[in-house]
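Here is the structure we will look at, set down as structure tokens.
Throughout, read-outs are computed from the coordinates displayed, never taken from laboratory work. Computed from a prediction, not measured in an experiment: that's the story for all the values here. So basically every Cβ, Gly included, is an ideal-geometry build from the backbone, and we count neighbours across all protein chains shown.
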């Protein structure tokens, strides 16, 4: 899988997308006896689902991972899949083709051993997690298992929570005029500077305020800014794009209201100040109870394989777990060990992939029986 280019074209223009790796996965899943279905969220953005039908009367379990990767800038040989010192190197090895390999390995273990399951076991390799998660967003309209394990890399720890995010655009409005005519021009860029000062105060307050016990405090950053049309022209408009990371318990509306309050305070102080605040994309945070049935089953399976119960942790990046949970699927996150996701040197520990496969197989036996 690492040798197959599956760079997300929404993240890195010109990326190959998931069509080739989806074809490989469909063959692999079919080869171990699963019923295979595919669907496209967009041309070349293919999600693959393999199902091992249960005997009836048991709970269904989905093993979920994404097949797309981020770009390869700065990588000398991103698709080498070099195996060295117990590691496999290359783009996506850790994030998260190692997790997908564990899902396939678990399904193969159960098939080879002819272990009977009463409930269905579903393996889903989804598209587009690295950008808009179109694959899992479509998946939950078609499949609703009782539970899911998302195999994002967690260093063999059990992840119970992660952050969400909101993308917000702020536009300050000025008035275009020749650069020499200060009586006529209103500088939208300068006005954005006032807004940024307020945003900086909000950012510090968020980090210094109450923190979630597993994922820490909420945060934000000013990601992109653009304004003006020429050196000798007052800027009529300045646009800022913000990413606001949310924690379990927060809402999108509440996060946007904090940003909008900055613009409202500035307008109250200066009636000529004009700005709009518009959220344009969001994903909810995720949290599952440690007492959930899938969590208890996964921890017991992991304890048997690792000879000790794994730690319960939270993580800061967003994952497809939130979409599954939002759809009513009891979900938990656990995956292999490694390092370098989104960086120039990425690797996964092979032994941890093998252990993860055994953990998933034992989880399926415990949950679907």
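Computed from Cα positions, the angle between helix 98-112 and the longest principal axis of the chain comes to roughly 20 degrees. Across the range 164-283, Cα-Cα pairs farther apart than 19 Å form 49% of the total.
Between the C-alpha center of the range 301-324 and that of the range 6-26 there is a gap of 27 Å. Take every Cα pair under 8 Å whose residues are at least 6 apart in sequence, average their separation, divide by the length of the range 164-283, and the relative contact order is 41 percent. When the convex hull of its Cα atoms is viewed from all sides, the range 279-369 shows a mean projected area of 7.6 nm². Taking all Cα pairs closer than 8 Å and separated by 6 or more residues, the relative contact order of the chain comes to 24 percent. Within the chain, what percent of beta bridges assigned by DSSP are antiparallel, to the nearest 5? Close to 75 percent. As a proxy for reagent exposure, ranking 331, 183, 47, 272 by other Cβ atoms within 10 Å from fewest up yields 183, 272, 47, 331. A P(r) calculated from all alpha carbon pairs of the range 100-253, with 5 Å bins opening at zero, reads 2, 7, 11, 12, 12, 11, 10, 9, 8, 6, 5, 3, 2, 1, 1, 0, 0 percent.
When Rg and the Kirkwood Rh are both derived from Cα coordinates, the Rg/Rh ratio for the range 56-174 amounts to 1.07.
Sorting the segments 261-270, 280-289, 151-160, 27-36 by their mean number of nearby beta carbons within 10 angstrom, highest to lowest, gives 151-160, 280-289, 27-36, 261-270.
Residues 240, 25 in ascending order of nearby Cβ atoms (within 10 Å, fewest first): 240, 25. Orientation-averaged projection of the chain equals 20.6 nm² [convex hull of Cα atoms, one quarter of hull surface area]. With contacts taken as Cα pairs under 8 Å and at least 6 residues apart, the range 8-63 reaches a relative contact order of 28 percent. Comparing mean-square fluctuations of 134, 125, 177 from a GNM of the chain with C-alpha springs under 10 Å, the top value falls on 177. Using the rule -39500 (n - 2.57) for each DSSP H run of four or more residues, divided by the residues of the chain, the 222 nm mean residue ellipticity is -10000 deg cm²/dmol. What angle, in degrees between 0 and 90 and rounded to the nearest 10, separates the Cα long axis of helix 188-208 from the longest principal axis of the Cα atoms of the chain? Compared with the principal axis, the helix lies near 50 degrees. Sorted ascending by nearby beta carbons within 10 Å, beginning with the fewest, 108, 241, 141, 163 become 141, 241, 108, 163. Taking the chain as a Gaussian network, Cα atoms linked when under 10 Å apart, which of 71, 216, 14 shows the biggest mean-square fluctuation? Maximum among the listed residues: 14. Helix 350-368 and the long axis of the chain differ in direction by around 70°, with both axes built from C-alpha atoms. Packing-based ranking of 194-205, 297-308 yields 297-308, 194-205, ordered from highest to lowest mean Cβ neighbour count within 10 Å.
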